[in-house]
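See structure below.
The values are calculated or read from the model by the stated rules, or taken from the named source; none is laboratory data. No experiment lies behind these values; they were computed from the predicted model shown. Neighbour counts are summed over all protein chains in view; Cβ atoms, including those assigned to glycine, are modelled from backbone coordinates with ideal geometry. Keep in mind that these areas ignore ligands, DNA and RNA; they rest on the heavy atoms of the full protein, side chains included. Shrake-Rupley method; radii C 1.70, N 1.55, O 1.52, S 1.80 Å.
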Amino acid sequence: MQQCPLPPMTEPSPRLLRVWLAAILLVTFAAYAPTLHYDFCWDDRLAAMGSNGQHAHPLVAELRPIGEYFSNHYWPHVTPVGFTYRPLTTLSFALRYAVVGDHPQVAHAINVALHVLATWLAFCLLRAVGARWVPALLGTAVFGLHAIHSEAVTSVVGRAELLGFAGAAGAFLLLLRARGVAGPGRGLLRLAACALLFGAFCSKESALAWVAFTPLCFLVRGWAHPPAAAAPTSVGWRDRASEAAVVLLPALAFLALRARMIAHLPGTVDPAVDVVANPLLHAGFVTRALTGLMMWGYGLLLTLLPYDLAIDYGPAQFPIVTGFGQPEVFFALVGGAAIGGLLVGGLIVARRHPLLFLATACFLGFSFIVSNIPFACFMLFGERTYYTPSFGGALLVAWAAAKLTQREALRGPALVALGVWLGMSLHVLVDHNAAWRDNATLVSREVHDHPRSVRLLREAAADHAVVDEMGLAQHYYERAVALDPGLMGAWIALAAIYREAGELDRAAAALQAAATARRDGRGQLIVRLHSGRARLHLAQGDATAALTALDACVAEAPDYLATHQELRRVVSNLATNGASGVRERAQRLLEAAVPLGR
């Protein structure tokens, strides 16, 4: 095999190596230490909390038998059906809740600890695939302090990304160590690697890309022949078959469990996904591919230069490219050219520059899964989904550092440039992390920085409504529907605000707009639409029309918990104070809905 040319460099003492690595890990911890005092924000309030005052998460609020976590989707309290499957991530939330309850500081501390662990594993992985000590340390610093990791670490739900990377990286390192161990110890190490991989897959679906990336790491290690590595034990076909089984069996087990979970679900689109978060849900392949290439190219840009971070990327900020006649197709073609060039370049230099090849494979392989090109994802674009792809940046830095050690004239400027990049990234990271102090701070800052984010406008409106600032809530809802007239939920909320203000005509118009808006599959919106009509009819003094609207509510979603909750809010007064016929009809509606304890 062709050996990768490495510069003549003596290894430092183990003590010095540990000191430098400890310093990087300490700085990484310090960068995220302020988050230990933060609250639950954004998606955390739905997925990571036992109860946020409005929604109780049945799999978090009470520790259930282990089988229930592997037979339920990620959002059981949001929608009756869903395709997102992360049982171990949900179990980690439940275990925390069982011990300390909804304690945000503990939840954030777990995430920070996992990121520090992942950073250490990134160093071990860099060394394992051939990086010498200085390049490996520089790549580790890039991984630990990369600003694009802000959301993955600071948001509690980002734990899925952390567990996925840490479990799979740890599995590869155990497999590598098993090659140098004889006897029963080799089998135990492989069994442990198998368990870690299964845990990674059950934490985040995109970790399945490690099925391909793990053998690539072994391949690159074989090409590089790093002097720092111990002489490899002879690996025969039986050992390679065992390693393949360790990688494939957890993947097959995960896919079988997920298939069993979704077997009874209709359709191919996850009903738990908000169409506002990803308008590509119902799009054809051409639209998905063109828009996906544009966003994929943007992900590459943020991986190289994380300068402008956001918690939401929606269609009002990034256009949906539906065909080649749009001006925005230019950005899709640029993104496609960048991705294609990266792919071709990585393949061309594979044997001469193994680390560079592995860097391109890491970025392209893991980011392809979340690009929306092969299938529609949970969101149009999310920074936290680039946690593992950004390890490609660490590999790129390690490769570049190894090459620059051969050119003394470039070494100083290169280190200065990397120092500037790390300083910039750290500044962006700390600044962005500060917004996550609590949900109000996060939303108010983000909606100011990204005023065309429909989700943020909708969230800001809801937050103001909770504290009875209805004027501001109305302002944000109106801005949201101006950008996206298809927002059923925003129209329904606006109708309630208008109704409470006595503007019944505007309330009726808002409900009419809601009826013609998109229906994203979430049952509670239809329930709220019929409930809003009922409340409007009551405000107009027409109890019969109100009950007719509630009849439609029960007919639409008789087995949905929100149906019962909305009925109790609207009908209870009629069931006790209405005319005789109204009371009887109202009581029948209440009995038709599901029990509150569902």
- Name, by its number, the condition in (1) assigned to a helix (DSSP H, G or I); (2) more than 28 Å from N433 (Cβ to Cβ); (3) not acidic (D, E) that does not hold for A166. (2)
- Message: Out of everything in the stretch 436-452 that is over 19 Å from I148 (Cα atoms) and in contact (Cβ under 8 Å) with a residue 40 or more places away in the chain, what residue ends up being most open to solvent (accessible area, probe 1.4 Å)?
- Response: R452
- Count - residues of the stretch 341-381 that are at pLDDT 85 or above, surrounded by 23 or more Cβ atoms within 10 Å (Cβ to Cβ) and within 21 Å of H282 (Cβ to Cβ): 4
- Pairs where the first residue, in the stretch 104-127, is over 14 Å from S390 (Cβ atoms) and the second is among the aromatic types (F, W, Y) and surrounded by fewer than 20 Cβ atoms within 10 Å (Cβ to Cβ), C-beta under 8 Å, 6+ apart: V112/F29; V116/F29; R127/W133
- Note on the structure: Checking V454, V397, V447 in turn, the sole residue that is in contact with a Gly (Cβ under 7 Å, 6 or more places away or on another chain) and more than 22 Å from T28 (Cα to Cα) turns out to be V454
- Task: Just one of (1) of a type in the set (V, I, T); (2) surrounded by fewer than 22 Cβ atoms within 10 Å (Cβ to Cβ); (3) not in a loop (DSSP other than H, G, I, E, B) trips up T28, so point out which.
- Result: (2)
- Message: Whether any residue in the stretch 201-209 is among the acidic types (D, E) and closer than 30 Å to G423 by Cα is what I want to check.
- Response: no
- Item | Long-range neighbours under 7 Å by Cβ, at least six apart or interchain, first residue open to solvent by 50 Å² or more (accessible area, probe 1.4 Å) within the stretch 424-435, second assigned to a helix (DSSP H, G or I) | L426/A31; V430/A31
- Selected residue [hydrophobic (A, V, I, L, M, F, W, C) and either within 21 Å of the chain's Cα centre (by Cα) or on the phi > 0 side of the Ramachandran plot (or both)] from L309, L347, L343: L309
- Quick one: which of G158, G170, G144, G164 is surrounded by fewer than 24 Cβ atoms within 10 Å (Cβ to Cβ) and out of contact with any strand residue (DSSP E or B) (no Cβ under 6 Å at 6 or more places or on another chain)? G170
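Results for (1) touching a Leu at 6+ places or on another chain (Cβ under 7 Å); (2) more than 26 Å from A178 (Cβ to Cβ); (3) at pLDDT 95 or above, shown as yes or no for each residue.
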residue	(1), (2), (3)
P80	no, yes, no
A98	yes, yes, no
R127	no, no, no
P135	no, no, no
- Answer yes if at least one residue in the stretch 232-251 is open to solvent by 30 Å² or more (accessible area, probe 1.4 Å), modelled with pLDDT of 90 or more and within 24 Å of A376 (Cα to Cα), and no otherwise. no
- Task: Tell me, please, whether a residue that is in contact with a helix residue (DSSP H, G or I) (Cβ under 6 Å, 6 or more places away or on another chain) and among the basic types (K, R) can be found in the stretch 380-391.
- Result: yes
- Item | Members of the stretch 277-303 found to be touching a Phe, Trp or Tyr at 6+ places or on another chain (Cβ under 9 Å) and of a type in the set (A, V, I, L, M), listed by number | A277, V286, L290, L293, M294, M295, L300, L301, L302
- Query: Does the stretch 320-333 include one or more residues that are under 19 Å from A394 (Cβ atoms) and crowded, with 23+ Cβ neighbours inside 10 Å?
  - Reply: no
- Task: Within the stretch 85-101, track down each residue that is in contact (Cβ under 8 Å) with a residue 12 or more places away in the chain and surrounded by fewer than 19 Cβ atoms within 10 Å (Cβ to Cβ).
- Result: L95, A98, G101
- Item | Residues that are open to solvent by 50 Å² or more (accessible area, probe 1.4 Å) and at pLDDT below 90, drawn from the stretch 180-218 | G180, A182, G183, P184
- Message: Tally up the residues in the stretch 273-327 that are hydroxyl-bearing (S, T, Y), touching a Ser or Thr at 6+ places or on another chain (Cβ under 7 Å) and either at pLDDT below 85 or part of a loop (DSSP other than H, G, I, E, B) (or both), please.
- Response: 1
- Task: Could you tell me which residue of the stretch 459-487 is nearest to the chain's Cα centre (by Cα), considering only residues that are open to solvent by 40 Å² or more (accessible area, probe 1.4 Å) and among the β-branched types (V, I, T)?
- Result: V466
